[in-house]
Each structure stands twice: as C-alpha cells, then as structure tokens.
Amino acid sequence: MSDDIRISDAQIDALYERLNQEAEAAGYHLNTDTELVRVLLEGLLVNEQRYGYWSCPCRLATGEREQDLDIICPCDYRDPDLLDWGACYCALYVSDEVLSGEKEPGPVPERRGAETHAADDHEEEFVGFTRSGIPVWRCKVCGYLCARPRPPHKCPICKADQDRFERFA
C-alpha cells in the first residue's frame, strides 16, 4: 500500500477474524472475495497508522477525524448501500441476498455529500426527528433506538430484520 507503512499478513489475518466475527454477530457479512477483503483490510490498517482511525480505503480522507467521521469504517453509508445495492461502496460488506447468490453486486454510487435525510421520498411521513432532521427508528422487538435516514438492515442488539423497525415519535 505505502512505502513507509508496512502491514503484515498476520495483522490482516487478525483484523479479518475480528471483523468477520463482529459482522456476523451483528447480522452483517464480509464479502466472500477474500482477496478483495484482504486488500481493503490492509487499506484500513494503513489509514489507521496514517490518521489514527479506519478511514474507508476507497475514499479520500482529510486526516481530520471530525471531517471524516462519516467515512470511518463501518461508514455511515454502509446500511443504505447494502439495502439499495447489495454491497457497501468499497464492497467490504455485502447483503444477505448477495451472500446467498440471489443478487449480483454491482457498482455502488457515492453517497458522500448527498443530503440523505432529504433523499428519502417519504419525508412527509417522518414522525420523530433529531435536531438535524434525521428520523429516529425503534426496533419493535427490543426497543433499540437509532437516528438515521432508514432503519438498519439488522438490529445490532436482537438481530431483528429491518421490517421490525418503526418510526419513533
């Protein structure tokens, strides 16, 4: 990746094991293309050494954490990308449909910089919002609350599917 930063295979292996376990425990899946995943993980580790955080290896980071918060892996765009395209922008994470072979992953357009809360066609249906205008969602199974344009693919607490979420008032 970089002439001045060296990442070992052991570091990549350890990160792969960690992220794979964390992803599966939270209802997510790493891409089955292990060669691609290893390149992406190497990029995360290089960016961690450069900037002190896991900036997405497929995006240009500023090196200022506050400006890059939205692209720290897992980035703010992962869930909407998985829902719409079956993979996140860098293809580290894939949806259940892609994992099972029901859907082919394709190119994922860049969401960064788009006003995601305004992009939702159902803005008039929003009930609860944060001060910045982002809707609040509640898992009907466990009560988990999150503020984002759409509910997560899986509840990080009880692993309920997205359709088990409702707008929180």
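The values are calculated or read from the model by the stated rules, or taken from the named source; none is laboratory data. These numbers come from a predicted model, not from an experiment. As a convention, Cβ positions derive from the backbone with ideal geometry for all residues, glycine included, and neighbour counts pool all protein chains shown.
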Taking the criterion of being β-branched (V, I, T) and at pLDDT 85 or above, would at least one residue in segment 135-149 satisfy it?
yes
E35: passes all of (1) out of contact with any helix residue (DSSP H, G or I) (no Cβ under 6 Å at 6 or more places or on another chain); (2) surrounded by fewer than 20 Cβ atoms within 10 Å (Cβ to Cβ); (3) at pLDDT below 95 but (3)
Helices (runs of 4 or more DSSP H) fully within segment 1-79 counting 3 or more residues that are touching a residue at least 24 places away in the same chain (Cβ under 8 Å) and over 15 Å from the mean Cα position of the chain (by Cα):
9-25, 34-51
Against the condition buried (at least 20 other Cβ atoms within 10 Å of the Cβ), touching a His at 6+ places or on another chain (Cβ under 7 Å) and not assigned by TED's automatic domain parsing to the domain that holds K154, how does L82 come out, does it pass?
yes
With the structure loaded, tell me whether W54 is out of contact with any Leu (no Cβ under 9 Å at 6 or more places or on another chain) and among the aromatic types (F, W, Y) or whether it fails that test.
no
Output for segment 80-97, where each listed residue is in contact (Cβ under 8 Å) with a residue 60 or more places away in the chain, under 20 Å from L41 (Cβ atoms) and out of contact with any helix residue (DSSP H, G or I) (no Cβ under 7 Å at 6 or more places or on another chain)
L82, V94
Confirm whether A23 is in contact with a His (Cβ under 7 Å, 6 or more places away or on another chain), surrounded by fewer than 19 Cβ atoms within 10 Å (Cβ to Cβ) and not basic (K, R).
yes
In segment 148-169, the residues that are crowded, with 16+ Cβ neighbours inside 10 Å, assigned to a strand (DSSP E or B) and more than 14 Å from the chain's Cα centre (by Cα)
F165
